[in-house]
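Comments concern the structure below.
The values are calculated or read from the model by the stated rules, or taken from the named source; none is laboratory data. All values derive from a computational prediction rather than experimental measurement. When we count neighbours, we look across all protein chains shown, and the Cβ atoms used for this are built from the backbone with ideal geometry, even at glycine. SASA here: full protein model, heavy atoms, side chains in, ligands and nucleic acids out. Shrake-Rupley method; radii C 1.70, N 1.55, O 1.52, S 1.80 Å.
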Amino acid sequence: MGHWWYRNIVEPGKLPLLLALASFVLTFLVTRAVTRLIRAGKGPFRNITPGGVHIHHVVPGVILMVLGGFIALAGDRRGFGAGVAAVLFGMGVGLVLDEFALILHLDDVYWTEEGTKSVEIVILTVALVALILGGFLPFGVNELSPEEATDRFTVVRTVAVNFLFALVALTKGKGRIAVVGVFVPFVALFGAIRLARPNSPWARRFYRKRPKARARSRVRAYRHDRRWSALRRKVEHVIGGAPSR
């Protein structure tokens, strides 16, 4: 176990990233637990409202991110300072992304249906950082052999092709697939060859004179949303709490 830890985490310099991810997840979970207690009127926790102004936890989150970022820039990727910077930065990211929906809408939508976007962003961020920890590089460059990696043309071609797949998936209205596909090329390819969602830029441009394709797109989107949207909302509500009616 010790050999694996040193070879896969310490030696590649991934320990700060692991600390940042762990502190990010822990901070988010603790924050959600505290806000749910405040919402239920239980425990000693209360909203911070000096002078009648509600201080959202995105504010200390930004401060922690700034501190962690500057400490990291002032040091290196190894040592105690790098670990402290990673923990501070991870805590800040957890607080900020927990209120991502507030930043997006510029409104306090924390306990509304729009507020579940914060939980979705947190889950996506955790997945992407975990992929990086697992050795996945953007656009599948990690899949090249050592000989191919020395060939600049091969690297450029691989990045360009995989970027094109991710871009096509994005224009087809498959944002989550496009983001994950940046790290896992076959996911982007799957999103690129599938039918576009009915309101996506791709559908408006290429399905305009293809009524059968438009109809298939609507039916497939309806079936997909009916099958997965309810499950996704349940998971988000379990993690972040159900929105107010």
(request) Could you grab me the full set of residues in segment 113-152 that are of a type in the set (Val, Ile, Thr) and not in a helix (DSSP H, G or I)? (result) 150
(request) Quick one: which residue in 97, 102 is surrounded by fewer than 21 Cβ atoms within 10 Å (Cβ to Cβ) and either free of Cβ contacts under 8 Å to residues at least 12 places away in the same chain or not β-branched (Val, Ile, Thr) (or both)? (result) 102
(request) Please find, among 94, 81, the residue that is closer than 20 Å to residue 127 by Cβ and not in a loop (DSSP other than H, G, I, E, B). (result) 94
(request) For segment 118-138, name all the residues that are open to solvent by 40 Å² or more (accessible area, probe 1.4 Å) and at pLDDT below 90. (result) 132, 134, 136, 137, 138
(message) List the helices (runs of 4 or more DSSP H) inside segment 156-245, counting only whole elements, that have at least 1 residues being open to solvent by 80 Å² or more (accessible area, probe 1.4 Å) and without any contact (Cβ under 8 Å) to a residue 24 or more places away in the chain.
(response) 185-193, 201-206, 211-240
(request) Could you list all residues from segment 1-31 that are in contact with a Gly (Cβ under 9 Å, 6 or more places away or on another chain) and open to solvent by 100 Å² or more (accessible area, probe 1.4 Å)? (result) 26
(message) Here is a check on your reading of the model: is residue 34 open to solvent by less than 60 Å² (accessible area, probe 1.4 Å), β-branched (Val, Ile, Thr) and out of contact with any helix residue (DSSP H, G or I) (no Cβ under 9 Å at 6 or more places or on another chain)?
(response) yes
